[in-house]
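Report on the structure given below.
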Amino acid sequence: MAKIKKWLAAGVTLLSVTALAACGNNSDSNQSQKQGPQAKLAKTYSASGKATSNDSTLKLAEVAPSPFKGISSSALQDNAEDADVFSPGGADFTTFKTDRDYKIIDGGLINQKIDRQAKTITLTIRPNGKWSNGQPVIAKDIEYAHEVIANKNSTSTHYSSEMGSIVGMKDYHSGKAQTISGFTYPEGDHGKKVVVHYTKMSPAMQYAGNNFLFQCPEPYEYIKDVPIAKLAAAPQIRKNPIFTGPYKLDKMVQGESTSWSINPYYYGAKPKIKHINIQVVSQHNIAAALKAGKYDFTTGDHSVPASQYPGVKKLKNYTWVGKPAANYSYFGFNLGHYDAQKQVNVMDSKAKMNNKKLRQAMMYAVDVKAVNNKFGNGLVWQANSLIPPIFEKYNNKKLTGYKYDLQKAKQLLDEAGYKKSGKWRVQPNGKALTIYFGGMQSSAATESTYRYYIQQWQKVGLNVKMTTGKPMEMNSFYDTLQKPKQNKIDVYTAAWATGTEPSPDGIYGAESTFNMGHFVTKENSKLLNQINNDQAWNDNYRKQQFQKWQAYMNDQAAYVAESFNLQWTPINHRVKNFNDLPQNSSNFWSDLELTAPNPK
């Protein structure tokens, strides 16, 4: 399915508790192992037999360590869990139809036509496009999503410098203008056509999930009376949201579950299954739930922890499907703050972690590759860059990531002036150094990983402690990182769902609020711009810019990719026509059928 960028819960890398202590001592044999997915999984699944039970309920599990926030608006969502539990409403996949490479083609709720010479994108809404309350989808709905995101008082995290290339967007974002002049309406704002004017054009615009145009409309007539600053808490978003996809929301138990029935106003093929229920299940309980046959499959990017995969992969009532995931886990360092007045990230020269050799040393001190080779069960492996391999032509295969080297870590710290004073190293100025590490609550295995990292950093003389003394609840963790300025977390591990177009400006750009470590340099901005400048319509040139950016980020170690993984899920043997490949994204929910009243 076409997706936009969102953060994920912890758990892309999930490891054995008992073996962590040995990881740092056995890296030589593991380093030579081939990197990449070793597990062989089918890409699609369809149960045998006739679909006789479509009147029953499709039962899905959202595997997460914490309750979901309950924000239904894609423009205001910042996490994958909310996107998952509201996915039957169709926000991320019904707007545009795509081919196998996520390239936009005609046939979705909205068709687009790019005119490079005129620097415009023309968007045409299909005549029968409606919201689940029966109101028509109108031109203003497309524009209003951008108002919601770019408003200076908005809680949205989706604004980026690439979105700022829409004519008039920067003035609106700064508060100098009340409207975005780059949106025009040939048929009026309640018509079916929008022309978006740009200051520059990019090849990324051809693909769903790009940063230049937000792909999910917002129901203007339904939410227009709510101030944008208060929209995320409004009942139109939290209690009674409306959607454009194949299902409408019937009930939400806050943080726990969502229930759905068929949307009678959906423009596409009518879904065959009458009801869907999505329930949050913790990593601790999902394996047992599958063994008991409680769910048909798991939603989104998280499934059973990799460490538990051997215990469930042979379940007779499930078939496992998987594909390369458009996500990765990573290490991030707090290097500055976000200037809310100027709406830009700022690197602080005196920030505790603003020493490249210190960051590099911490990366050499942990043996991510050996850990994943030993316990990822073929589903998880060490990442080599910040572009996941699902984007094969852009991932820089020459990079290997940070290979475990404890002596090099110590050498870098010595060179940078972090000398030992008793048990711990001190800052180059002689002051004491305490580094606070942030991680989210997760499975026992993941939390053991955190202890392993701290142990390794302490081995090289760094006094690293867990923020709050223990893993943080997911929402509290991200609330802390997303504050304009915070000093509770110095280094952290988290994960990104990158979206289906790999341009990194939406996460790592100077104006991006997703840039939670506040890394900003002239070189980074230049490289990000070159990925999507006019020359980038030449794909060889664009590939070179992607690779230069990855090499630069690897060297800077402000953000370091930790692990890649397969996106895998168990499919119960009563489910027919499971196919979430990109070319089938528009029909995913409508195609599903059931051969039995309950999961087998």
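The values are calculated or read from the model by the stated rules, or taken from the named source; none is laboratory data. Just so it is clear, the structure is predicted and the values come from calculations on it, not from any experiment. Cβ coordinates were reconstructed from backbone atoms using ideal geometry, including for glycine residues, and neighbour counts include every protein chain displayed. Areas reflect the complete protein model, heavy atoms only, side chains present, ligands, DNA and RNA absent. Shrake-Rupley method; radii C 1.70, N 1.55, O 1.52, S 1.80 Å.
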Two pseudo-spin positions, 7 Å from Cα along C-beta at LYS423 and at ASP189, lie apart in nanometres by 6.3 nm
Taking every DSSP bridge whose two residues both lie in the chain, the antiparallel percent to the nearest 5 is 80 percent
Extend 7 Å from the Cα of GLU392 along its Cα-to-C-beta direction; within the stretch 309-342, residues with backbone N under 18 Å of that point are 322-327
A 1.4 Å probe over the protein heavy atoms gives the stretch 95-226 a carbon and sulfur accessible-area percentage of 44 percent
Two pseudo-spin positions, 7 Å from Cα along C-beta at GLN458 and at VAL253, lie apart in nanometres by 4.0 nm
Over the chain, with neighbouring protein chains present, the accessible area per residue in Å² at probe 1.4 Å is 37 Å²
Here the stretch 367-378 yields Karplus 3J(HN,Hα) values (6.51, -1.76, 1.60; θ = phi - 60°; whole Hz; Gly and Pro given as x) of 9, 5, 5, 5, 4, 5, 4, 7, 10, x, 6, x
Over 20 Å (Cα to Cα) among LYS408/LYS459; LYS152/LYS230; LYS397/LYS548; LYS431/LYS488; LYS316/LYS374 -> LYS316/LYS374
Any trypsin sites (Lys or Arg not before Pro) in the stretch 330-378 that lie in a DSSP loop and have at most 14 other Cβ atoms within 10 Å would be LYS342, LYS350
Helix-only [θ] at 222 nm, the chain, -39500 (n - 2.57) per DSSP H run of 4+, per residue, nearest 500, equals -6000 deg cm²/dmol
Taking every C-alpha to C-alpha distance in the stretch 95-226 and binning by 5 Å from 0, the per-bin percentages run 2, 11, 21, 25, 22, 14, 5, 1, 0
Percent antiparallel among DSSP beta bridges confined to the stretch 325-567, rounded to 5, stands at 75 percent
Two pseudo-spin positions, 7 Å from Cα along C-beta at VAL226 and at GLN117, lie apart in nanometres by 4.4 nm
The rounded separation in angstrom of the Cα centers of the stretch 258-315 and the stretch 345-399 is 31 Å
Under the Karplus relation with 6.51, -1.76 and 1.60 and θ = phi - 60°, whole-Hz ³J(HN,Hα) for the stretch 413-426, x at Gly and Pro, equal 5, 4, 4, 7, x, 8, 8, 6, 9, x, 6, 10, 6, 10
Once phi for every residue in the stretch 513-529 is put through the Karplus expression 6.51 cos²θ - 1.76 cosθ + 1.60 (θ = phi - 60°), the whole-Hz ³J(HN,Hα) values, with Gly and Pro written as x, are 6, 6, 6, 6, x, 6, 7, 9, 9, 4, 5, 4, 4, 5, 5, 4, 5
From the cross-link list LYS200/LYS526; LYS50/LYS274; LYS113/LYS170; LYS251/LYS313; LYS350/LYS483, the entries with a Cα-Cα span beyond 21 Å are LYS113/LYS170; LYS251/LYS313
Note to self: C-alpha centroids of the stretch 44-83 and the stretch 416-484 sit apart, in Å, by 34 Å
In the stretch 425-541 the DSSP beta bridges are antiparallel at a rate, in percent to nearest 5, of 10 percent
Links exceeding 30 Å between C-alpha atoms in this model, out of LYS69/LYS465; LYS323/LYS410; LYS43/LYS294; LYS314/LYS369, come to LYS323/LYS410
Relative contact order as a percentage, the stretch 175-309, C-alpha pairs under 8 Å and 6+ apart, gives 10 percent
Listed by chain and number, the residues whose amide H is under 5 Å from that of ILE571, excluding neighbours fewer than 5 places away on the same chain and using placed H, are THR319, TRP320, VAL321
Rounded to the nearest 0.05, FRET efficiency between THR521 and ASN317 (Cβ-Cβ, R0 45 Å) equals 0.30
For the stretch 325-567, the percent of accessible surface on carbon and sulfur atoms (probe 1.4 angstrom, ligands and nucleic acids excluded) is 47 percent
Candidates for Rg and Dmax of the Cα atoms in Å are (i) 23.6, 74; (ii) 27.2, 97; (iii) 25.5, 92, and the calculated one carries label (i)
